[in-house]
Amino acid sequence: MDKLLVEGGTPLHGEVRISGAKNCALPLMAATLIATGKHRFGNVPRLRDIMTMRTLLAHMGAVSDHDGALEVDTSDIHTLTAPYELVKTMRASVLVLGPMLARYRRARVSLPGGCAIGARPINLHLKALEQMGVDIELEHGYVVGEARRLKGAAIRFEQVTVTGTENIMMAACLADGVTVLENAAREPEVICLANYLVCMGAQIEGAGTDTITITGVRELRPCSCEVIPDRIEAGTYLAAAAITGGSLKLTGCSREHVQSVVQKLLDAGVSIESGSDFLEVRANGRVRSVDIETQPYPGFPTDMQAQFMALMTIGDGVSVIKEHIFENRFMHVLELERMGADIQLDGRTAIVRGVKKLSGAPVMATDLRASASLVLGALAAEGTTEINRIYHLDRGYEAIERKLSAVGARIERVNG
């Protein structure tokens, strides 16, 4: 099993190109099931999750090629089952449920898996689909859905759900009548998916607000689009520059998408300048400790909580970090403590007392973003850190060791 060896203490300097967002590409790939034919997506990252979705679509009969752009041909869909062996490794696999019900009126999808960061039930998806006329049964670990015809409905999500918003928005595209989603997710990835569906012929208004209106149409057609930059990758590299006392220019990214992270870094004393498609970040000595609370977009993203905690471990002062999205997203705390961090947990709150330095140690990654936090801690630590179970990193960060090496990090992937 691969692991990373990181010798810390070197400030990062140079330029990093931000990859396309996997959390945008995955729903786009699922959306290809709604319209028969050839779809094309640019700026798709080469990640394990992308490969998993390609394998899942291939199981259903789709043919894909990722030589440059990603092309998906859904002309020969013959299986409407998403099996446990594939869905268990990636929660986003559940996004095929809405498109299959919209196009074929039936679907059989395994209950999802993914990172072990707490319960992420799909009950909000299922309740909404039932409101649209879908008969839902749970059989031997599978969601089995069937409908003679989907119908528009007024749906209010009990809590903000990104995949739920995306799934139901896709299902509603071919439903009879009008579907209104209230308390909808506002993430840039939701907007990107809505724009692609509109390119395919869907009628959608309000994407990017908490109320999305979808008027069903008879059919959609294949289209093409560019995947937006990965805002979590951008935030991670912003934190990497800050934690190492360095400076980086991030290209191919949007300040608007990471504004909540940028503001917290500014509050911590980090300098950030931006242009139309770049961010320049420069550390100004030891960062100040600041508090964060994770919230749905445009609030501070839960997917940046672990990385920001790593930065706060060497902050000047005390930081209070509150996790409101997932109930079990502090598994990186014990590993950061192995490196000398001073963190106290109280339910969904972490109190981080900054120390002057971290020390290299053997650590184990528990999920995707926890993995990134350990890389950040290792970059700042004295000595060498051995990070195990880095397959999590490969799910969401394209060539992270190559990108970091190019800007001065002493990092190596080895087979352990």
What fraction of the DSSP beta bridges in the chain is antiparallel, stated in percent and rounded to the nearest 5?
-> 70
Could you work out the per residue convex hull volume over the alpha carbons of region 275-347, in cubic angstrom?
-> 114
Cα lying deepest toward the dipole's positive end in the chain, options 86, 406, 161, charges on Cβ | 86
Find which of 196, 57, 281 sits farthest along the positive direction of the dipole of the chain, computed with +1 on the beta-carbon of Lys and Arg, -1 on that of Asp and Glu, about the Cα centre.
-> 57
For region 172-224, what D do you get in µm² per second when you plug the Kirkwood radius from alpha-carbon pairs into Stokes-Einstein at 10 °C and 1.306 mPa s?
-> 144
For region 243-387, count the residues as N, evaluate 2.2 N^0.38 Å, and divide the Cα radius of gyration by that value, please.
-> 0.99
Short to long, in 20 Å steps from zero, the percent of alpha-carbon pairs of the chain per bin is 28, 55, 17, 0
Highest average packing first - 185-193, 149-157, 384-392, Cβ atoms within 10 Å = 185-193, 384-392, 149-157
Listed peptides 24-36, 202-214 by packing density, highest first (mean Cβ within 10 Å) = 24-36, 202-214
Radius of gyration and Dmax over the Cα atoms of region 1-110, both given in Å = 16.7, 56
Mind jotting down the distance between the C-alpha centroids of region 221-273 and region 303-317, whole Å?
-> 15
For region 292-354, share of DSSP beta bridges that run antiparallel, in % to the nearest 5 | 75
Past the 23 Å Cα-Cα mark, which pairs from 264/322; 22/127; 249/403; 127/151; 88/403?
-> 22/127; 88/403
Calculated from DSSP H runs of 4 or more alone, at -39500 (n - 2.57) each and per residue, what is the 222 nm mean residue ellipticity of the chain, nearest 500?
-> -9000 deg cm²/dmol
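If the viscosity is 1.567 mPa s and the temperature 4 °C, what translational diffusion coefficient in µm²/s does Stokes-Einstein give for region 1-65 when Rh comes from Kirkwood over Cα pairs?
Numbers: Rh = 14.5 Å.
Stokes-Einstein gives a translational diffusion coefficient of 89 µm²/s.
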Please work out the C-alpha center-to-center distance from region 163-177 to region 1-71 and express it in whole Å.
-> 23
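Report Rg(Cα)/(2.2 N^0.38 Å) for region 82-210, keeping two decimals.
Values: Rg = 13.8 Å, N = 129, 2.2 N^0.38 = 13.9 Å.
Working it through for region 82-210, the quotient is 0.99.
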Apply the Kirkwood formula to region 362-416: the hydrodynamic radius equals the inverse of the mean of 1/r over all pairs of different alpha-carbon atoms; give it in Å with one decimal.
-> 11.4
Alpha carbon centroid spacing (whole Å) that separates region 89-105 from region 345-416 | 33
From the residues 299, 325, 263, which one has its Cα farthest along the dipole of region 250-373 in the positive direction, the dipole being from +1 and -1 charges on Cβ of Lys/Arg and Asp/Glu about the Cα centre?
-> 263
Under unit Cβ charges (Lys, Arg +1; Asp, Glu -1), what dipole magnitude, rounded to 20 debye, does the chain have relative to its Cα centre?
-> 160
Estimated dipole of region 148-187 in Debye, rounded to 20 [Cβ of Lys and Arg +1, of Asp and Glu -1, Cα centre] = 220
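Since every read-out is calculated from the coordinates, none of them should be taken as a lab result. Just so it is clear, the model here is predicted, and its values are computed rather than measured. Positions of Cβ are backbone-derived with ideal geometry, glycine not excepted, and every protein chain shown enters the neighbour counts.
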